[in-house]
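The values are calculated or read from the model by the stated rules, or taken from the named source; none is laboratory data. Not measured: the values here are computed from a predicted model. As a convention, Cβ positions derive from the backbone with ideal geometry for all residues, glycine included, and neighbour counts pool all protein chains shown. Quick note on the areas: whole protein, heavy atoms, side chains included, nothing else; ligands and nucleic acids left out. Shrake-Rupley method; radii C 1.70, N 1.55, O 1.52, S 1.80 Å.
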Amino acid sequence: MNNHNLFAALRAAFPADLDEVAIETGSGLLYSWRDLEHGSAMMANLLQSLGLPEGARIAVQVEKSVEAMVLYLATLRAGFVFLPLNTAYQSAEIEYFIGNAEPAVVACSSANFGWVSKIAFKAGTQNVFTLDDDRSGSLLARAAHCSDRHEVAVKQPDDMAAILYTSGTTGRSKGAMLSHGNLLSNARVLKDYWGWRTREEGGDVLIHALPIFHVHGLFVAIHGALINGSKMIWLSKFDPKKVIEKLPEATVFMGVPTLYVRLLAEPGLTLDACRNMRLFIAGSAPLLIETFREWQARTGQTILERYGMSETAMLTSNPYQNGERRGGTVGFALPGVSLRVQGDEGQPLPVDEIGNIQVQGPNVFSGYWRMPEKTAEEFTADGYFKTGDVGKIDADGYITIVGRSKDLIISGGYNVYPAEIEGFINELPGVAESAVVGVPHPDFGEVGVAVVIAKPGAVLDSAQIMAEMKSKMANFKVPKQCFVVSELPRNTMGKVQKNVLREQYKALFA
Ligand code: MCA
Ligand code: AMP
C-alpha cells in the first residue's frame, strides 16, 4: 500500500548510515539518525499504547529540545495530529486552545504541570505528560519502556497532520488544519527550489535557531533538513554570538528579520564567518531593504526572502538560482502554487496594481478546526484562499507585499491581533475603549502601542494597564507602550482611524 504519511517520506531520506550525526546541539550533544529513528518509534509506540481515537490531537507546550522535535515526528509516525503551542502562552490562552482542540494528550514542562494539567483534565484530556529541555520528564520515562521498532501509520494525503492556531481579526484564534499532503508537497517543492545539496554535492548543514511551534521553525526548517538527510546544528534559543560561532560549520540559515538585524549588530559577522554558507533565508515578516543591503555588504551574501502563512506553509520565494533575489519582494509563486492579485470587487488586476493576494495549491489547508462558516468566508467561490495580505506583481513577475487588509501586527515574527488585545483592555475596570496599532521598531520590525480612553469619571493608570496585560497574556503580545488619552480619532462613520494613530506614534521607537 502507498503510504502518504509525511514521516515516511522524511524517514526515507535518512542516510544509509544511520550512525552519522543528524543533530548537534549548541551544548555539543550529538544525535544520530538512529537516535531519531528509535526515539520517534518509542514515542510513537507510547502514543499508540494509549488507545487514542483516530485523529486524536497531541497538544505540546514545551521548551525547544531535540526530544520535543522527536515528539513531533512520533506524532506524525503514529498518525495523530500535532498541535504546537507557543511557550509564552499563559493560562487563559492555554485554556482556550485546549478547550477548543480537545486534545487527547497534552505535553508540558514540569514547571507548568500544575496549572496546565488542571486545565487539561478539566477539558477531558486523559493523558498529561511532562517533557523538559534536559532530556527528562514523564513522557521520556514512559517511552523508555516502549519498543524502538514501529511501523509507520498509513495515512492518505488529506489526513490531518497538524493544527496550527492563528489568531483572528475578530474573536478567538482559529486552528488551521494542515494535512500530510499539504506539508509533504511543500517540503518537496522547497527541497528543489532552494537547491538542497545531495551528499554527492557535499550535503548541507542547517543552523536551526527558531522556535518550533510555528511554520518557520517546525515545518520549513525541520522538514527542509530532514527530507534532504541533512545535519542540523540545533540551538535551543536564538543567540547571535552562538550563530556566528557556528556559521563556518554550516551552509544554510533561516530566520525572521529580527534575527538578521541582531546578527548585523555583531562585529563577528564577517565575510570570513560566512565563507561556507550557501544560503540565508528570511521570512515571516517583511525584511527591510536596509537589512537586505547591509547583509550583502557585510557578508557578500544575498538573503533569499520568501513568504508564507500558517494556513498555507510557503507560498512564494525569491529564486535560489536562475534569477535575481530582489530585496523588498518575496519573489515568485512556488511551483504548484497559483497566486493572484484581485481588486475589492473580485476583478483581476493588471501588473503593478495593488490588491488582495489569493492563493491555491496542494500546500493550502482545508479549513479551520470546527469553524466551517469561518472557513467558507476565507475562500473564494472558485477555491482560492484569501490571504488577507495586500500586494502587487510587477512586469517581471516578482511579488511584493505592501500591507495587510487584516488588522494584524507582526512583531519579531510573531503575530499579534489588535482585536484580541483591545478586547482584553476593554474589560479592565474604568476603560471605555481602546485601540492597538503597530508602529515601526528597530529590533522587532513592528510593535504594538495601546491607546486607551477612560469611562467618564474613571482615572486610568497606563502602568497598571501594562501590568495587567503582562500578568495575563503571552509577553510578545503586550504593547510596548500604553497611552491614556481623552479621545480617539474617528471618521465620519464614528470608526476609529487607526491610520491616524499609526502616524501619530510612528516615531516612538525610531
Ligand atoms: C520577545 N519579546 C518580544 C518578542 N520576542 N516582543 C515583541 N515581539 C517579539 N517577537 C519581548 C518579550 O516580551 C520580553 O519583554 C523581551 O522581549 C525578552 O523576551 P525573550 O523571550 O527573552 O526575547 P528573545 O529571546 O530576545 O526573543 C526575540 C526573538 C523571538 C528571538 C526575535 O521573538 C523569536 O524567536 N521570534 C521568531 C518568531 C518565529 O519563529 N516566527 C515564525 C512564525 P519583557 O521583558 O518586557 O516581557 S511562522 C510565520 O510567520 C509564517 C508562516 C512564515 O512565513 O514563516
Ligand atoms: P502566520 O499567521 O504566523 O502564519 O503569519 C503569516 C503572515 O506573515 C502572512 O499573512 C504575512 O502577512 C506575513 N509574512 C510572512 N512572510 C512574509 C514576508 N516575507 N514578507 C511580509 N510578510 C510576510
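Observations on the structure shown:
- Entry note, the chain: relative contact order of 12 percent, from Cα contacts under 8 Å with a spacing of 6+ residues.
- With distances taken between every two different alpha-carbon atoms, region 349-503 has a Kirkwood hydrodynamic radius of 17.9 Å.
- Anchor Lys506: aspartates and glutamates whose Cα lies under 13 Å away (excluding residues fewer than 8 positions away in-chain): Glu446
- With the biggest extent put first, the Cα atoms of region 284-397 measure 49, 31, 24 Å across the principal axes.
- Shown are Trp369, Trp115, whose ranking by accessible area with a 1.4 Å probe and every protein chain present, most to least, is Trp115, Trp369.
- Taking the empirical scaling 2.2 N^0.38 Å for compact globular proteins as reference, region 122-203 has a Cα radius of gyration ratio of 1.59.
- A dipole drawn for the chain from +1 and -1 charges on Cβ atoms has a positive end, and of Phe82, Met177, Leu50 the residue lying farthest that way is Leu50.
- Residues Asp272 and Ile354, FRET efficiency given R0 of 41 Å [Cβ-Cβ distance, rounded to 0.05]: 0.45
- Around the Cα centre of the chain, unit charges on the Cβ atoms of Lys, Arg, Asp and Glu (plus for the first two, minus for the last two) sum to a dipole of about 380 debye.
- In Hz, Karplus ³J(HN,Hα) per residue of region 440-452 (6.51, -1.76, 1.60; θ = phi - 60°; x = Gly, Pro): x, 9, x, 9, 8, x, 8, 9, x, 10, 9, 10, 10
- Solvent exposure ordering (accessible area, 1.4 Å, most first) of Glu67, Glu503: Glu503, Glu67
- Within straight-line cross-link reach of Lys455, aspartates and glutamates at Cα separation under 16 Å, skipping those fewer than 8 residues along the same chain: Glu422, Glu427, Glu433, Glu487
- Cβ-based charge dipole, the chain, positive-most Cα from Gly448, Ala143, Asn415: Gly448
- For the chain, the antiparallel share of DSSP beta bridges with both residues in that region comes to about 60%.
- Charging the Cβ of each Asp and Glu at -1 and of each Lys and Arg at +1, and nothing else, the dipole of region 261-335 about its Cα centre rounds to 140 debye.
- Given charges at Cβ of Lys, Arg, Asp, Glu: the chain dipole, positive-most of Ser462, Ser110, Gln347: Ser462
- Atom-type composition of the exposed protein surface of the chain places 51 percent of the accessible area on carbon and sulfur (1.4 angstrom probe).
- Probe 1.4 Å, all protein chains present, accessible-area order of Lys477, Lys506, Lys392, largest first: Lys506, Lys392, Lys477
- Distance violations [Cα-Cα > 18 Å] among Lys64/Lys118; Lys242/Lys477; Lys174/Lys386; Lys64/Lys242; Lys237/Lys406; Lys406/Lys498: Lys64/Lys118; Lys242/Lys477; Lys237/Lys406
- Cα point-scatterer Debye curve for region 17-133, base-10 log of I(q)/I(0) at q = 0.11 Å⁻¹: -0.37
- Kirkwood hydrodynamic radius of region 51-100, Cα pairs, Å: 11.7 Å
- Computed as a quarter of the hull surface, the mean projected area of the alpha carbon convex hull for the chain stands at 24.8 nm².
- Here the dipole of region 172-222 is about 320 debye; that uses its Cα centre as origin and unit charges on the Cβ of Lys and Arg (positive) and Asp and Glu (negative).
- The chain, accessible area per residue, ligands and nucleic acids excluded (1.4 Å, Å²): 41 Å²
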